[in-house]
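Got a structure for you, questions after.
The values are calculated or read from the model by the stated rules, or taken from the named source; none is laboratory data. Small disclaimer: the values here were computed from a predicted structure and weren't measured. Ideal geometry is used to build each Cβ from the backbone, glycine not excepted, and the neighbour counts take in all protein chains shown. Note: accessible area is taken over every heavy atom of the protein model, side chains too, but ligands, DNA and RNA are not part of it. Shrake-Rupley method; radii C 1.70, N 1.55, O 1.52, S 1.80 Å.
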Amino acid sequence: MDNKRLFTDTEQQQADELRSRLRELLGADLTDADMALVDHYWQEAIDGDTVVRDVFGLNPLLCALQTAVISAEETGLRRDGVMAVLLYAVGTLPEEKELAGVAPILRGLVRIQELYKKNPVIESENFRNLILSFAEDMRVILIMIADRVNLMRQIRDTKEEGARHQVSLEANYLYAPLAHKLGLYKLKSELEDLSLKYLEHDAYYMIKDKLNATKQSRDAYIERFIGPIEQRLKEAGLHFHMKGRTKSIHSIWQKMKKQKCGFEGIYDLFAIRIIIDNPTSGATEHALCWQAYSIITDMYQPNPKRLRDWLSVPKSNGYESLHITVLGPEQKWVEVQIRTERMDDIAERGLAAHWRYKGIHGAEGGLEEWLSNIRTALEAGEGDNLQVMDQFRMELCEDEVYVFTPHGDLFKLRKGATVLDFAYNIHTNIGNHCTGARINGKNVSIREELHSGDQVEIITQNNQRPKQDWLSFVKTSRAKSKIRLALKETQTSDLQMAKEMLERRFKNKKVEFDESTLFQVVKRMGFKEMSDFYRQVADAKLDANEIIERYIEQRDFDQKKNAPQPAQSAEAFSMESMNAQLPAATGHDDVLVIDRNLKGLDYSLAKCCRPIYGDDIFGFVTISGGIKIHRTDCPNAPELQRRFGYRVVRARWSGKGASQYSITLRVIGNDDIGIVNNITNIISKEEHLIMRSINIDSSDGLFRGTIVVMLDDNTRLQSLIRKIQNVRGVKQVDRI
């Protein structure tokens with residue numbers, strides 16, 4: 001392959017070494033034919049000039065080799081995963097039969113690549129698509145974690161500090177928690193430390209320098225602590241090895257911030273790890289760990305509040321260990337971790353070790369259930385995108401609680417989960433009908449928070465139904481998605497009932513129902529969707545009689561408009577000159593002066609354009625004899641002028657505005673964090689202005705919303721529009 005067009009001499013040497021390392025790691029799994037196929041697609045991309053260096057000046061093909069090695073070494077991916085990494089570098093979806101197992105992984109990676117092309121940082125709607133790609137195949141997550149670890153390693157000396165800052169934020173916000181969830185603690189710690197190094201340079205090097213300065217005394221203390229333990233364990237006939245592990249720089253910094261203290265105030269800077277040699281029979285692993293625990297706690301006083309038993313109940317990512325904190329020499333608290341070699345391998349390398357011991361299917365377990373819940377929550381398409389981001393990340397970071405059914409079945413949920421979360425975790429139908437629970441024999445509400453060791457018996461009633469406020473206190477994504485789905489089904493049923501009720505009212509009044517005419521009425525009432533209209537009918541916010549009146553008016557208007565009309569002899573009507581000819585009027589507040597000196601006539605404001613005090617207006621004499629007041633820029637004005645000019649009368653407001661009018665504004669802008677809050681804050685600060693409703697929809701990085709406000713005149717309306725237009729990120733504000 002002609003690499004000179006893309007690779008420097010140094011990069012070519014690195015690439016050759018990485019290829020050899022891959023062949024060493026995968027052995028016979030990665031054949032010469034596989035690498036020849038990769039070279040073929042790489043050469044096509046190089047010849048077609050489709051492979052270019054990224055914003056940091058990095059060679060994407062060299063980065064692919066580096067990521068492939070990390071994936072094979074640290075995450076346990078084999079031939080299909082490695083081939084996907086190498087072909088992903090050129091965005092290729094090959095059709096070769098020998099790559100059938102690679103295709104599903106590659107599709108997920110290419111979709112993610114497209115997302116990053118649109119936006120260098122995944123957020124909002126893109127985030128939903130990113131996680132859906134992850135949830136399709138766990139190997140996609142592993143590759144993206146390895147890719148981010150490699151990128152963070154390579155950008156140490158870059159001059160593109162802005163881009164490095166964005167990459168580091170995302171590594172800390174998303175990829176480090178993902179690595180933690182999958183048990184890849186080594187990669188998780190590296191991502192966190194590098195993120196801290198790039199984002200908070202001074203804090204990173206302050207802690208690093210202090211760790212280096214105290215290393216000698218720390219090592220000496222570790223020797224004094226483990227010496228007696230080592231002797232007693234050998235006397236008990238245990239085969240083991242011990243090592244001290246200093247906490248990561250990121251972990252120390254987080255403790256300093258949480259405890260609001262300096263470096264010197266952190267006493268547990270290290271932990272002692274006792275790793276027992278794997279016994280010949282796996283059945284004795286736990287017994288040996290508990291034997292070591294007994295020996296250590298006989299020597300040093302333990303802190304019972306700091307005991308963590310992940311032997312009896314492993315974490316959902318497979319982590320098994322026994323953690324205790326004891327009071328060592330010089331009255332210092334020391335954390336001791338006890339595990340076997342197998343457990344230590346899983347703790348260090350997560351899924352990679354799982355696959356070695358149990359195979360890929362045995363390793364997934366709780367993780368596959370977690371991914372299934374994520375798919376369900378995201379595919380439902382419900383909820384604000386920013387809420388989805390926060391919910392997903394919280395579930396990555398939070399600890400777990402372990403609760404039992406009355407029959408002794410064990411369930412794991414995220415910390416802070418409630419009775420209702422537990423009910424939905426058992427079964428959707430149980431969650432939908434849950435009314436409370438008995439925890440350890442005591443009756444509690446559905447809001448009660450669960451704690452490890454609780455025995456929980458769910459109480460249900462057939463007449464119970466999901467409620468909107470349930471979403472405010474459940475914690476798990478599974479419960480949230482199931483509640484939203486149930487509410488959506490209920491709303492669909494309610495909307496159908498509202499439609500049938502309205503049609504019955506039409507029939508009772510002997511008014512023929514026409515869907516297209518009603519659609520025009522609904523549109524002029526300011527509704528974008530028929531579902532929104534029927535929802536307000538179902539909630540009794542709209543009066544059926546008023547709807548029928550508007551329907552009849554629209555039907556009559558359409559009939560007159562389509563009927564043959566005699567030639568009109570009226571002079572051309574000029575909307576602009578009409579109001580200019582009107583004299584100033586005096587009188588009571590909100591009095592309309594119609595056709596020069598006539599005032600006090602019975603009139604009503606047209607629903608199609610909803611005029612308010614201060615708007616340029618005109619009157620239209622209806623068939624029934626009443627006068628409808630329209631804005632001069634009403635969508636119907638040109639047609640009324642052209643076809644019924646003889647029924648148009650001039651009009652203007654008199655006095656000053658005192659009534660409150662309902663106005664609907666359409667706002668379009670960038671889907672930025674906080675932009676909606678900024679808009680609503682402006683409205684809330686306005687005197688004599690009330691916000692009745694707000695409806696926001698987001699897609700493709702933009703939000704589109706309608707805001708209904710109550711105000712008293714056009715001047716205040718124009719002032720409000722200008723203020724909203726000045727909000728950063730707002731692109732357009734229209735009155736509808």
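In this structure, does Ala287 turn out to be on the phi < 0 side of the Ramachandran plot, of a type in the set (Gly, Ala, Ser) and open to solvent by less than 50 Å² (accessible area, probe 1.4 Å)? Give the steps one after another, and end with the answer.
Numbers: on the phi < 0 side of the Ramachandran plot: yes; of a type in the set (Gly, Ala, Ser): yes; open to solvent by less than 50 Å² (accessible area, probe 1.4 Å): no.
Answer is no for this residue.
From the list Val51, Val38, pick out the single residue that is at pLDDT 90 or above, open to solvent by less than 60 Å² (accessible area, probe 1.4 Å) and not polar (S, T, N, Q). Working first, answer last.
Numbers: Val51 fails: at pLDDT 90 or above.
Only one candidate qualifies: Val38.
So if I check each of Gln536, Gln554, Gln520, which one is closer than 22 Å to Tyr661 by Cβ and touching a helix residue (DSSP H, G or I) at 6+ places or on another chain (Cβ under 6 Å)? Steps first, answer last, please.
Working: Gln536 fails: touching a helix residue (DSSP H, G or I) at 6+ places or on another chain (Cβ under 6 Å); Gln520 fails: closer than 22 Å to Tyr661 by Cβ.
On inspection, the qualifying residue turns out to be Gln554.
For the stretch 431-476, which fully contained strands (runs of 3 or more DSSP E) count at least 2 residues that are over 30 Å from Trp310 (Cβ atoms) and out of contact with any Gly (no Cβ under 7 Å at 6 or more places or on another chain)? Full working, then the answer.
On the way: elements: 434-439, 442-444, 456-460.
Fully inside the stretch 431-476 and qualifying: 434-439.
Quick grid of which residues meet (1) at positive phi; (2) out of contact with any strand residue (DSSP E or B) (no Cβ under 9 Å at 6 or more places or on another chain); (3) among the charged types (D, E, K, R):
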position	(1), (2), (3)
Glu400	no, no, yes
Leu410	no, no, no
Gly416	yes, no, no
Val444	no, no, no
Arg465	no, yes, yes
Asp469	no, yes, yes
Val474	no, no, no
Asp494	no, yes, yes
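Oh, and also: Identify all residues within the stretch 515-533 that are part of a helix (DSSP H, G or I) and open to solvent by less than 40 Å² (accessible area, probe 1.4 Å); write none if there are none.
If the condition is that a residue be part of a helix (DSSP H, G or I) and open to solvent by less than 40 Å² (accessible area, probe 1.4 Å), then Thr517, Leu518, Val521, Val522, Phe533 are the ones that fit.
Checking the structure you have, find out if any residue of the stretch 542-556 is modelled with pLDDT of 80 or more, among the hydrophobic types (A, V, I, L, M, F, W, C), within 20 Å of Arg666 (Cα to Cα) and surrounded by 13 or more Cβ atoms within 10 Å (Cβ to Cβ).
So far as the stretch 542-556 goes, no, none of its residues is modelled with pLDDT of 80 or more, among the hydrophobic types (A, V, I, L, M, F, W, C), within 20 Å of Arg666 (Cα to Cα) and surrounded by 13 or more Cβ atoms within 10 Å (Cβ to Cβ).
When Leu151 is evaluated against the numbered criteria (1) at pLDDT 85 or above; (2) over 20 Å from Leu65 (Cβ atoms); (3) touching a helix residue (DSSP H, G or I) at 6+ places or on another chain (Cβ under 9 Å), which criterion, by number, is the only one it fails?
Just one mismatch for Leu151, condition (2).
Kindly indicate whether Ile338 is farther than 21 Å from Glu400 by Cβ and open to solvent by less than 30 Å² (accessible area, probe 1.4 Å). Steps first, please.
Values: farther than 21 Å from Glu400 by Cβ: no; open to solvent by less than 30 Å² (accessible area, probe 1.4 Å): yes.
It is false that Ile338 is farther than 21 Å from Glu400 by Cβ and open to solvent by less than 30 Å² (accessible area, probe 1.4 Å).
Quick test for you: out of Ala287, Ala271, Ala292, pick the one residue that is under 23 Å from Arg218 (Cα atoms) and of a type in the set (A, V, I, L, M).
Working: Ala287 fails: under 23 Å from Arg218 (Cα atoms); Ala292 fails: under 23 Å from Arg218 (Cα atoms).
After ruling out the rest, the residue left standing is Ala271.
Go through the stretch 185-242 and give me each residue that's over 18 Å from Ser168 (Cβ atoms) and part of a loop (DSSP other than H, G, I, E, B).
Result: Ala236, Gly237, Leu238, His239.
Taking Arg245, is it within 30 Å of Ala287 (Cβ to Cβ) and modelled with pLDDT of 90 or more?
Values: within 30 Å of Ala287 (Cβ to Cβ): yes; modelled with pLDDT of 90 or more: no.
For Arg245, the condition - within 30 Å of Ala287 (Cβ to Cβ) and modelled with pLDDT of 90 or more - is not met.
Further question on the same structure: State whether the residues of the stretch 630-647 include one that is out of contact with any Leu (no Cβ under 7 Å at 6 or more places or on another chain), assigned to a helix (DSSP H, G or I), at pLDDT 85 or above and surrounded by fewer than 18 Cβ atoms within 10 Å (Cβ to Cβ).
Yes - at least one qualifying residue is present in the stretch 630-647.
Residues Arg722, Arg704: which one is among the basic types (Lys, Arg), open to solvent by 20 Å² or more (accessible area, probe 1.4 Å) and in a strand (DSSP E or B)? Steps first, answer last, please.
Numbers: Arg722 fails: in a strand (DSSP E or B).
Sole residue among the options that is among the basic types (Lys, Arg), open to solvent by 20 Å² or more (accessible area, probe 1.4 Å) and in a strand (DSSP E or B): Arg704.
Spot the failing condition for His323; the list is (1) open to solvent by less than 40 Å² (accessible area, probe 1.4 Å); (2) in contact with a strand residue (DSSP E or B) (Cβ under 9 Å, 6 or more places away or on another chain); (3) not in a strand (DSSP E or B), and only one is missed.
Here His323 clears every test but (3).
I've got another one for you. Just name the residue that is modelled with the lowest pLDDT out of those in the stretch 659-680 that are of a type outside the set (Val, Ile, Thr) and closer than 12 Å to Met710 by Cα. Show your work before the answer.
First, pick out the residues of the stretch 659-680 that are of a type outside the set (Val, Ile, Thr): 659-662, 665-666, 669-672, 674, 677-678.
Next, only the ones that are closer than 12 Å to Met710 by Cα stay: 659-662, 665.
Numbers: Ser659: 73, Gln660: 80, Tyr661: 84, Ser662: 85, Leu665: 90.
Ranking the qualifying residues of the stretch 659-680, first place goes to Ser659.
Within the stretch 663-681, can you find the residues that are open to solvent by 40 Å² or more (accessible area, probe 1.4 Å) and in a helix (DSSP H, G or I)?
Going through the stretch 663-681, the residues open to solvent by 40 Å² or more (accessible area, probe 1.4 Å) turn out to be 666, 670, 672-673, 676-678, 681.
Once the filter is applied, which keeps residues that are open to solvent by 40 Å² or more (accessible area, probe 1.4 Å) and in a helix (DSSP H, G or I), the stretch 663-681 yields Val676, Asn677, Asn678, Asn681.
State which residue is nearest to Ser248 (Cα to Cα) when the search covers only the stretch 150-184 and only residues that are assigned to a helix (DSSP H, G or I) and among the acidic types (Asp, Glu). I'd like the intermediate steps shown before the answer.
Initial filter on the stretch 150-184 (assigned to a helix (DSSP H, G or I)): 150-154, 161-181.
Checking the rest, the ones that are also among the acidic types (Asp, Glu) come to 161, 170.
Working: Glu161: 24, Glu170: 19 Å.
Residue satisfying both the conditions and the ranking: Glu170.
Looking at this structure, is Ser251 out of contact with any helix residue (DSSP H, G or I) (no Cβ under 7 Å at 6 or more places or on another chain), outside any strand (DSSP E or B), of a type in the set (S, T, N, Q) and closer than 30 Å to Lys197 by Cβ?
Working: out of contact with any helix residue (DSSP H, G or I) (no Cβ under 7 Å at 6 or more places or on another chain): yes; outside any strand (DSSP E or B): yes; of a type in the set (S, T, N, Q): yes; closer than 30 Å to Lys197 by Cβ: yes.
Taking the combined requirement at face value, the residue satisfies it.
Are there any pairs, at least 6 apart or on different chains, whose C-beta atoms fall under 6 Å, with the first in the stretch 477-488 and within 14 Å of His433 (Cβ to Cβ) and the second open to solvent by 10 Å² or more (accessible area, probe 1.4 Å) and polar (S, T, N, Q), and if so, which?
Lys482/Thr428; Ala486/Asn432
Something else about it: Given the options Arg716, Arg631, Arg692, Arg704, name the one that is over 19 Å from Met525 (Cβ atoms), basic (Lys, Arg) and free of Cβ contacts under 8 Å to residues at least 60 places away in the same chain.
Working: Arg631 fails: over 19 Å from Met525 (Cβ atoms); Arg692 fails: over 19 Å from Met525 (Cβ atoms); Arg704 fails: over 19 Å from Met525 (Cβ atoms).
After applying the criteria, what remains is Arg716.
Being of a type in the set (Ser, Thr, Tyr) and under 24 Å from the mean Cα position of the chain (by Cα) is the filter; apply it to the stretch 459-512 and report the residue that is most open to solvent (accessible area, probe 1.4 Å). Reasoning before the result, please.
So in the stretch 459-512, the residues of a type in the set (Ser, Thr, Tyr) come out as 460, 472, 476-477, 481, 490, 492-493.
Remaining after also requiring under 24 Å from the mean Cα position of the chain (by Cα): 472, 476-477, 481.
On the way: Ser472: 89, Thr476: 20, Ser477: 9, Ser481: 6 Å².
The residue in question is Ser472.
Search the stretch 154-180 for residues being modelled with pLDDT of 85 or more and among the charged types (D, E, K, R), and hand back the single one that is least open to solvent (accessible area, probe 1.4 Å).
Within the stretch 154-180, the match that is least open to solvent (accessible area, probe 1.4 Å) is Arg164.
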